[in-house]
Amino acid sequence: MNATQTRWRWLLWVAVALLLLAAPFLIEATLGRAWVRIADVALLFIMLALGLNIVVGFAGLLDLGYIAFFAVGAYCYALLASPQLAIHWPFLVLLPLGAMVAAVFGILLGAPTLRLRGDYLAIVTLGFGEIIRVLLNNLNRPVNITNGPQGITLIDPLQIGGFSLAQTHSFAGLTFTALHSYYFVFLACAVVSIIISRRLEDSRIGRAWVAIREDELAAASMGINTRNMKLLAFAMGATFGGVAGGLFASFQGFISPESFHLIDSIMVLCMVVLGGMGNVAGVVLGAVLLTALPEALRYIGPLQQRWFGEVFIDPSDLRMLLFGLALVLMMLFRPSGIWPARRRTAENVTERMTEKRHASG
Amino acid sequence: MQAADILLAATGISKHFGGLAALTDVSISVRRGEIFGLIGPNGAGKTTLFNVLTGLYAADAGELAFDGQTITGSKPHRVARQGIARTFQNIRLFGGMTALENVMVGRHVRTRTGVLGAVLRTRGAAAEERAITRRARELLDYCGLAARAGTLARDLPYGDQRRLEIARALATEPKLLALDEPAAGMNATETATLRKLLERILAGGVALLLIEHDMKLVMGLSHRVAVLDYGEKIAEGEPAAVQRDPKVIAAYLGGTVV
């Protein structure tokens, strides 16, 4: 790479950064405030998808109960920062704590499933996800801990000193509503998640995970402690989920077991698979697309009303229909995702081209 | 024979699969600085013995000692750390990784960067990462694969895949390299290249344990050979002597001399 290219690359990054910083204001001005909330949620899902990508994409362990770690993080935050147990700890303590508790749950799930692969692992993780949800749903008797199906309300917002993200602030002529403030916190967390994912991928640890995915037996014979590395993958993935869960609880101010269903695990898995399993950029793209598209489809209802005078297809039905169609088409035409991992494409192609040159020359 | 000369000692190894006795009371010992050949007809138990030696199977009976330490019942990654590296009869590379990355995985056991080092990209971690890449490139070059560094392992030609497995195994800094039919499927030129490579590895101070069906190769290279038949060791000694052993001739050829 020469100096000009380096400079262009820098300019590109600065432009992307500025765009991301201005995004909530641009979105509010063009699409309305509802879309700022969607952007916030998309950033949370980026974190979740990146966490699951460590488990499924890197280490190749199919986890269908991933949302449980999101739930653990969310409840960890909610219980210790709400009137429910009358505890109000600061978020700077609670987020790392949520990450750690989720990591412990990750290891708890990982330990009994070490010998399982593929379908069998998927079934057990699916069960684990349900266990967590059912527990949260029923831990209101005989001692009320989680408040059961009613969920936990009045969860503290993120707050440093007297500065609460839930209030509206004005700064430099811009109005920061809660949605805006949370956007920047979530953006920072998502960027950190991306950096962590990329650095892990290009490390000794990341290569060990991929080696296990490719051939567990050969990996063990090369001196990789497969048991510890798999547990590490579960714990790291769960950590991302735990942090995202805590942020989610503070953002919503209310959580209930309803937010952590199997379909949510599957949604996150779809983000990973559709985006490009194992590729950080692809997973981010998948998370953004799958958060935004269902929301965009909501406009279909009013449009039908305007054009035909009545609603033929309910937008939520259409959503599942298009979603299924998209999955089928993807599996047919781009089985490794919209933006597949580098290892499977780019290098492959350039290498083949040089090979051809050798062959013909 | 001095005890200190013995690198690997397997004593009285037995392994059953259900009612099938794959190995019965097999003992072999590999000395430092030698090539030890393991031969026998198909299904004689050679690969089973390899899998026991490298920790993939637990032996039903018997003792394993390597480099002065007991490794009986050790897990594969422990065995690799002790200094036994292996290749597989049916090549088991990390197909979706490049040739370079395959060899880099081999460095895992001799490096130490953890999650924190990798995420914070500390000076130590970055230096280690550079050292891993450098060593992996050296080993690719050593095995004649320098031009293939960026190719996915699954896209490599067969002979290159075999050599890449050797490069990956060497990356773990083994004291003993166990090769399961390295010349299988190779043509005469490739086998000749392989032979030179194996001799160079030996000269570098690594002992070799070799399962091979190419008699010219294994008899020409090995200092000593052991012959397995139906899970039992029927002969052991220098290649020339073993070749004349009537039991070996019977096992292989049903009585005819080569």
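Computed from the coordinates by the stated procedures, all read-outs in this text should not be read as laboratory data. Model, not experiment: these values are computed from the prediction. Note that we place each Cβ from the backbone using ideal geometry, even for glycine, and neighbour counts take in every protein chain shown.
Observations
- Per-pair calculated FRET efficiency, R0 = 45 Å: A:Met320 and A:Trp8 via Cβ, rounded to 0.05: 0.60
- If you take all other residues with their beta carbon under 11 Å from the beta carbon of A:Glu216, and give Lys and Arg +1 and Asp and Glu -1, the sum is +4.
- Cβ crowding within 10 Å ranks A:Val16, A:Val104 as A:Val16, A:Val104, fewest other Cβ atoms first.
- Label sites at B:Ala146 and B:Arg110, each approximated as a point 7 angstrom past Cα along Cα to Cβ, lie 1.9 nm apart.
- Rel. contact order, % - alpha carbon contacts under 8 angstrom, at least six apart, the stretch A:40-360: 31
- Cα gyration tensor category, rounded, prolate or oblate, for the protein assembly as shown with a/c compared to 1.5: prolate
- Neighbour-count ranking [beta-carbon atoms within 10 angstrom, fewest first] of A:Arg9, A:Arg319: A:Arg9, A:Arg319
- Counted charge near B:Gly83, where neighbours are those whose Cβ lies closer than 13 Å (Asp, Glu -1; Lys, Arg +1): +4
- FRET efficiency for B:Ala21 and A:Leu139, using Cβ-Cβ distance with R0 set to 51 Å, rounded to 0.05: 0.40
- Per-residue Cβ neighbour rank within 10 angstrom, fewest leading, A:Met320, A:Met229, B:Met104, A:Met330: A:Met320, A:Met330, A:Met229, B:Met104
- Helix-only [θ]222 nm of the protein assembly as shown, DSSP H runs n ≥ 4, -39500 (n - 2.57) each, per residue, nearest 500: -18000 deg cm²/dmol
- Three-way shape label, the stretch B:1-97, alpha-carbon gyration tensor, a/c 1.5: rounded
- Cα shape, the stretch A:138-216, gyration tensor, a/c 1.5 rule: oblate
- Ratio of the Cα radius of gyration of the stretch A:40-360 to 2.2 N^0.38 Å, where N counts its residues: 1.08
- B:Arg134/B:Ile6 FRET efficiency (R0 30 Å; Cβ-Cβ; nearest 0.05): 0.35
- Of all lysines in the structure, the ones whose alpha carbon falls short of 26 Å from that of B:Lys247, not counting any fewer than 8 places away in one chain, are B:Lys15, B:Lys46, B:Lys216, B:Lys233.
- Local electrostatic count, B:Ile211, Cβ distance below 12 Å [Lys/Arg +1, Asp/Glu -1]: -2
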